[in-house]
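Undergrad: This structure is in structure tokens; I'll ask about it shortly.
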Amino acid sequence: LNALINVVGSLWLFQFYGHVGIAIATAFSSWVNAVALIAILNARGLYKPSMLTVRRCSFILLASLLMGLGCYGLLFWGDRLLLDGTLVVRLVCLGGGISVLAASYFVFLLLSGAFPLALVKAQLRRS
């Protein structure tokens, strides 16, 4: 199922979005595969996520969507700098924008409780 969705999606989206369409199809087919795996394991009684896991995954998904919207906004509002600026201006704009969005992603996860600060500290101590 994953391979079929990936190939058909890639062929269809490539004509509209080029190489980006292939990446979109691959990401989408991977999500379908993950959801199908969870559904099958849950139906067989082999996996039952806790409410904490569902809550954390929901916040991670929301943070990912917000960061994606932020990337689109960066392209939409910064298109002159990203497309028409000098190489240095484009690199600074892109790098700065991605840095701010990545930082806001992790701040959102910490504030929402998806990644509690105590858990992050404990993981960092182990490394």
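Here, each number is a calculation from the coordinates, and none is a lab measurement. For clarity, every value in this text was computed on a predicted model and none was experimentally measured. For neighbour counting, all protein chains shown are included, and Cβ atoms are generated from backbone atoms with ideal geometry for every residue, glycine included.
Undergrad: Calculate for the chain the 222 nm mean residue ellipticity that helices alone would give, adding -39,500 (n - 2.57) per DSSP H run of length 4 or more and normalising by residue count, nearest 500 deg cm²/dmol.
TA: -29500 deg cm²/dmol
Undergrad: Would region 1-69 count as rounded, prolate or oblate if I go by the C-alpha gyration tensor, calling it rounded below 1.5 in a/c and otherwise prolate when a/b exceeds b/c, oblate otherwise?
TA: Cα axes put region 1-69 in the oblate bin.
Undergrad: Counting Lys and Arg as +1 and Asp and Glu as -1, each charge on the Cβ, what is the dipole of region 33-93 about the Cα centre in debye, to the nearest 20?
TA: 380
Undergrad: May I ask which residue of 54, 22, 34 lies farthest towards the positive end of the charge dipole of the chain, with charges of +1 (Lys, Arg) and -1 (Asp, Glu) on Cβ and the Cα centre as origin?
TA: Positive-end residue among those listed: 54.
Undergrad: Choose one of 85, 69, 114: the residue whose Cα lies farthest towards the positive end of the charge dipole of region 22-127 (beta-carbon charges +1 Lys, Arg; -1 Asp, Glu; about the Cα centre).
TA: Highest projection toward the positive end goes to 114.
Undergrad: List the residue ranges in the chain for DSSP H helices whose C-alpha atoms run 27 angstrom or more along the long axis and whose Kyte-Doolittle average is -0.5 or above.
TA: Both cut-offs are met by 19-43, 51-77, 87-112.
Undergrad: Any idea what the dipole of the chain comes to, in debye rounded to 20, about its Cα centre with Lys/Arg Cβ at +1 and Asp/Glu Cβ at -1?
TA: The dipole magnitude comes to about 640 debye.
Undergrad: Take the alpha carbon atoms of region 46-127, find their radius of gyration, then divide it by 2.2 N^0.38 Å using N residues; give the quotient.
TA: Taking N as the residue count of region 46-127, the ratio is 1.44.
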